[in-house]
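The values are calculated or read from the model by the stated rules, or taken from the named source; none is laboratory data. Since this is a predicted model, take the numbers as computed values, not measurements. Here the Cβ positions follow ideal geometry from the backbone for every residue, glycine too, while neighbour counts run over all protein chains shown.
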Amino acid sequence: MNKLSRLLALILAAAVLAPAAAAAPMRVVATTVYIASLARTIGGDKVAVTPLSPPGFDADGYSPRPQDLFKVHQAKLFIMIGLNLEDWARDLVSAANNPDLIKAEIYHGIPLLDKPAGRIDYSFGDIHPYGNPHFQLNPADGRIMAQNIEKALAYADPADKDLFEKNLADFEARLAKAAARWKSEMAPFKGDAVLPYHESWDYFAQAFGLTIPEPPKTIEEKPGFVPSPRRVQEVITDAKSAGVKLVITEPYYNVAIGQTVAAGLGVPCLSLSLYDIGLNPKETDYISMVDDVVGQVAQALGKAHAR
């Protein structure tokens, strides 16, 4: 055996004996930060997850950036809320030219609220024709979202199915413990009337026994349209009659109008983003996100009761 042959034999032997290189994490793209957080929780170190819409940004109104095309082109799994909330995602996925991309929507199995009946067109505003997609603050729906994400991860990466199932079970146990604490924290305010700017709080109200009176239902008269001064006065009148104790808006809507309504009612006004993971230091994952929101709502209602 010549010197070159011996060297080749040594290289091959070393390759056989050396530990196999770790497989690269599966690339996952999520439309929102809370979906990305759940995917990281379930996927662990087997996934590399990138959210498209940044923290603090309304996923409904997000406009994809050129670099998003590259992210989706490289991904194996694309996870979105669905129900046409991310209307922009359809064109993004098509333009990304990734025929092997697996697409998943997390709304499946969630009992949807606010399904419109009858004829629907743009004269109704930015309405969601298949039901309300803002279900992330109901812990029961959070569990269903996590289950749907686990199914999608296991389908895309069946070799790590057992790990995903274990991580899901761990998450469900932690979520159940947190949900019991949240229920206790919100118990003193059961039946309280709250008024949202947009239909973003119906599932939260459902989860914790709050009421959203109708009228006015929301400060908006039509979703996506700034309410007129006349509408604002009508809302204040109806909300007073309903005994509203808290106004809730979000920073990507007209916070000043929410504050005006709250001042007219003499109640607190909260401005809370539903996508603050990674921006708010108190919100590092899905559970801490809901924990922070529950804490702020309970504190505001406590102040309202003390007035």
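With a requirement of 2 or more residues that are not assigned by TED's automatic domain parsing to the domain that holds residue 296, the helices (runs of 4 or more DSSP H) lying completely within region 141-249 that satisfy it span 161-186.
Determine whether residue 111 is surrounded by fewer than 17 Cβ atoms within 10 Å (Cβ to Cβ), within 18 Å of the chain's Cα centre (by Cα), farther than 21 Å from residue 51 by Cβ and not assigned by TED's automatic domain parsing to the domain that holds residue 288. Here the answer is yes, as residue 111 does meet what is asked. Every listed requirement among (1) touching a strand residue (DSSP E or B) at 6+ places or on another chain (Cβ under 7 Å); (2) among the basic types (Lys, Arg); (3) without any contact (Cβ under 8 Å) to a residue 12 or more places away in the chain is met by residue 245 save one, (3).
All conditions but one from (1) under 19 Å from residue 299 (Cα atoms); (2) without any contact (Cβ under 8 Å) to a residue 40 or more places away in the chain; (3) surrounded by 15 or more Cβ atoms within 10 Å (Cβ to Cβ) apply to residue 236; the one that does not is (1).
Scanning region 266-277 for residues that are surrounded by 18 or more Cβ atoms within 10 Å (Cβ to Cβ) and either under 24 Å from the mean Cα position of the chain (by Cα) or closer than 14 Å to residue 185 by Cβ (or both) yields a total of 8. Being within 24 Å of residue 55 (Cα to Cα), touching a helix residue (DSSP H, G or I) at 6+ places or on another chain (Cβ under 7 Å) and either modelled with pLDDT under 95 or of a type outside the set (Gly, Ala, Ser) (or both) is a property that does not hold for residue 202. For region 56-80, the candidate set comprises residues that are farther than 17 Å from residue 276 by Cα and of a type in the set (Gly, Ala, Ser); within that set, the residue that is surrounded by the fewest Cβ atoms within 10 Å (Cβ to Cβ) is 63.
Per-residue answers, yes or no, for (1) within 26 Å of the chain's Cα centre (by Cα); (2) surrounded by fewer than 22 Cβ atoms within 10 Å (Cβ to Cβ); (3) among the charged types (D, E, K, R):
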residue	(1), (2), (3)
211	yes, yes, no
220	yes, no, yes
225	yes, yes, no
229	no, yes, no
264	no, yes, no
